[in-house]
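First comes the structure, then the notes that go with it.
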Amino acid sequence: MKLLVTGAAGFIGYALADKLCQRGDDVVGIDNLNNYYDVGLKQARLAQLKAHDNFHFVEMDLADSNAMEELFTQHGFERVLNMAAQAGVRYSLENPRAYIDSNLVGFGNLLECCRNHDIEHLVYASSSSVYGANEKIPFSTSDNVDHPVSLYAATKKANELMAHSYSHLYRIPCTGLRFFTVYGPWGRPDMSPILFADAITQGKPIKVFNQGRHSRDFTYIDDIVDGVVRCLDRVPAENPHWSGEHPDPASSRAPWLIYNIGRGEPVELLDYIELMEQAFGQTTSREMLPAQPGDVENTFADIDALVTDTGYTPGVSIEQGLQKFAAWYLDYYRKK
């Protein structure tokens, strides 16, 4: 297939583009290479992708509507995977404009291109952050998610609504994926694995927010990619049983679906830190701190629908995943 992967220099976008190239798809990747975090890491990911003959990279911003239209006209994509976004809950408190430009304006431009070019299927990244103030766990796609606690989460919920409106009006098949705490090799340096690894290897205290009273449904990158590809290959159809009287939030009369992608096994934060120390063979101290604004206390994915519909089966335990992450971290940062 001829595919577009947005955010191809990012953590998930890179891993996804790599997998699709390996299976023989013709992949165009775009990214604006912003400096939210180390551009050198993004360039290193792209260097891996450029080793594939069936990968082509274009530096581009989703917010540039004219450039996006030219890209779609030139390449004739069949399906689109939107992994581009301004990421990070905490940064959304500092620079909300970046989230509006990328996650709202950029996503709107992408939807217009999908409409104008008869895209067979749009798969896009949402986030477990949309569950916001919800307290019932595990988080289910049948739950109401109208109470986000960060602008980042609000933009991801908005993406789901925007996709639904285009799916309803123009019959564009759309699948939204709520990712749960993705980690692994080539991960983002603003996320806990690299922050904790830096502290462990440098003998500095690990900053533990909310006094450690967090749990997260950590999901290894290879499992995430497997789930995304399974969804890409399964084009959604209208739900004939959908009722406006008792609406299912995860499906529609339009060809539109929402799935959780997680491991389905939350891990306590303090246990996670101990496993991280074991993976590195070193220990360090903890600096216990209060909760940060915008953080959700616990995440836990109900993945039953994804398992039933696609056969998705997460296979990498937290112990295995952290061992693989530690090996990559030591190799990559030693070479730097």
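The values are calculated or read from the model by the stated rules, or taken from the named source; none is laboratory data. What you are looking at is a predicted structure, and each value in this text was computed from that prediction instead of being measured. Here the Cβ positions follow ideal geometry from the backbone for every residue, glycine too, while neighbour counts run over all protein chains shown. Calculation scope for accessible area: heavy atoms of the full protein, side chains included, ligands and nucleic acids excluded. Shrake-Rupley method; radii C 1.70, N 1.55, O 1.52, S 1.80 Å.
Could you tell me the distance between the Cα centroids of the range 261-336 and the range 119-159, to the nearest Å?
For the range 261-336 versus the range 119-159, the Cα centre distance is 20 Å.
Whole number please: convex hull volume per residue, Cα atoms of the range 1-75, in Å³.
Values: hull volume 5.5 nm³, N = 75.
Value for the range 1-75: 74 Å³ per residue.
Taking 35 Å as R0, compute the FRET efficiency from the Cβ-Cβ separation of residue 94 and residue 241 and round it to 0.05.
Details: r = 44 Å, r/R0 = 1.26.
Computed FRET efficiency for residue 94 and residue 241 comes out at 0.20.
Could you tell me what percent of the accessible area of the range 214-336 is made up of carbon and sulfur, with a 1.4 Å probe and every protein chain present? Kindly include the intermediate steps, with their values, before the conclusion.
Details: 2890 of 5900 Å².
Reported share for carbon and sulfur atoms: 49 percent.
At 1.4 Å probe size, with every protein chain present, just tell me what the per residue accessible area of the range 44-89 comes to in Å². Spell out each step's value before the answer.
Numbers: 2120 Å² over 46 residues.
Accessible area per residue: 46 Å².
Per residue of the range 170-186, what does 6.51 cos²θ - 1.76 cosθ + 1.60 with θ = phi - 60° give for ³J(HN,Hα)? Whole Hz please, x for Gly and Pro, Karplus curve as stated.
Rounded to whole hertz, the list is 10, 6, 7, x, 9, 10, x, 10, 8, 7, 10, 6, 7, 9, x, x, 6.
For all pairs of alpha-carbon atoms in the range 182-260, what percent lies in each bin of width 10 Å, listed from the first bin to the last filled one?
Final binned percentages: 14, 29, 23, 19, 12, 3.
Could you quote the convex hull projected area for the range 1-150, Cα atoms only and averaged over all directions, in nm²?
Working: hull surface 39.1 nm².
Orientation-averaged projected area of the Cα hull: 9.8 nm².
Quick one: if you stick a label point 7 Å off each Cα along the C-beta vector at residue 143 and residue 211, how many nm between them?
2.3
Sorted by average packing, counted as other Cβ atoms within 10 angstrom per residue and highest first, what order do 18-28, 3-13, 170-180 take?
Values: 18-28: 17.9, 3-13: 26.2, 170-180: 22.8.
So the order, starting with the most tightly packed, is 3-13, 170-180, 18-28.
5 Å is the cut-off here: which amide hydrogens, built 1.01 Å from N in the peptide plane, fall below it relative to residue 207, excluding neighbours closer than 5 in sequence?
The answer is 287.
Helix 65-75: angle to the longest alpha-carbon principal axis of the chain, degrees 0 to 90, nearest 10?
70
Based on the Cα atoms of the range 252-314, what semi-axes does the equivalent ellipsoid have, where each is the square root of 5 times one gyration tensor eigenvalue, given in whole Å with the largest first? Please report the intermediate quantities before stating the final value.
Values: eigenvalues 225, 61, 12 Å².
Semi-axes (√(5λ), whole Å): 34, 17, 8.
Can you check what the Kirkwood hydrodynamic radius comes to for the range 174-330, Cα pairs only, in Å to one decimal? Display every interim value, and only then the final one.
Details: mean 1/r = 0.0584 Å⁻¹.
About 17.1 Å for the range 174-330.
Along the charge dipole of the range 66-218, Cβ charges K/R +1 and D/E -1, which of 66, 205, 180 sits furthest on the positive end?
205
Hey, with R₀ at 22 Å, roughly what FRET efficiency would residue 317 and residue 286 work out to, going by the Cβ-Cβ distance, to 0.05?
On the way: r = 24 Å, r/R0 = 1.07.
Computed FRET efficiency for residue 317 and residue 286 comes out at 0.40.
Spin-label point model (7 Å from Cα, Cβ direction): what's the residue 38 to residue 331 distance in nm?
Distance between the two pseudo-spin positions: 1.6 nm.
Under 1.5 on a/c is rounded, so check that first for the range 56-101, then, if it is not, pick prolate when a/b is larger than b/c and oblate when it is not; a ≥ b ≥ c are the square roots of the alpha carbon gyration tensor eigenvalues. Walk me through the numbers before you get to the answer.
Values: a/c = 3.23, a/b = 2.24, b/c = 1.44.
Since a/c reaches 1.5 and a/b is larger than b/c, the shape of the range 56-101 is classed as prolate.
Sort 299, 313 by accessible area with a 1.4 Å probe, largest first.
Numbers: 299 10, 313 100 Å².
Largest accessible area first, the list is 313, 299.
Report the full-extension gain for the segment residue 50 to residue 309: residue separation times 0.36 nm, less the Cα-Cα distance, to one decimal in nm.
So the chain would gain 89.9 nm between residue 50 and residue 309.
Taking θ as phi - 60°, what are the ³J(HN,Hα) couplings along the range 39-48 by the Karplus curve (6.51, -1.76, 1.60), each to the nearest whole Hz, with x for Gly and Pro?
Karplus-based 3J(HN,Hα) across the range 39-48 equals 5, x, 5, 5, 5, 5, 4, 4, 4, 5 Hz.
Translational diffusion coefficient, Stokes-Einstein: compute it for the chain using the Kirkwood radius over C-alpha pairs as Rh, at 10 °C and 1.306 mPa s, and state it as an integer in µm² s⁻¹. Walk me through the numbers on the way to the answer.
Working: Rh = 20.3 Å.
In µm²/s, the coefficient is 78.
How large is ³J(HN,Hα), in whole Hz, for each residue of the range 244-250 in order, when computed from phi with the Karplus curve 6.51 cos²θ - 1.76 cosθ + 1.60 and θ = phi - 60°, using x for Gly and Pro?
x, 6, 10, x, 8, x, 9
Quick check on the chain: helices-only [θ] at 222 nm, where DSSP H runs of length 4 and up contribute -39,500 (n - 2.57) each and the sum goes over total residues. Nearest 500, please. Kindly include the intermediate steps, with their values, before the conclusion.
Working: 12 runs with 132 residues, N = 336.
Mean residue ellipticity at 222 nm (helix-derived): -12000 deg cm²/dmol.
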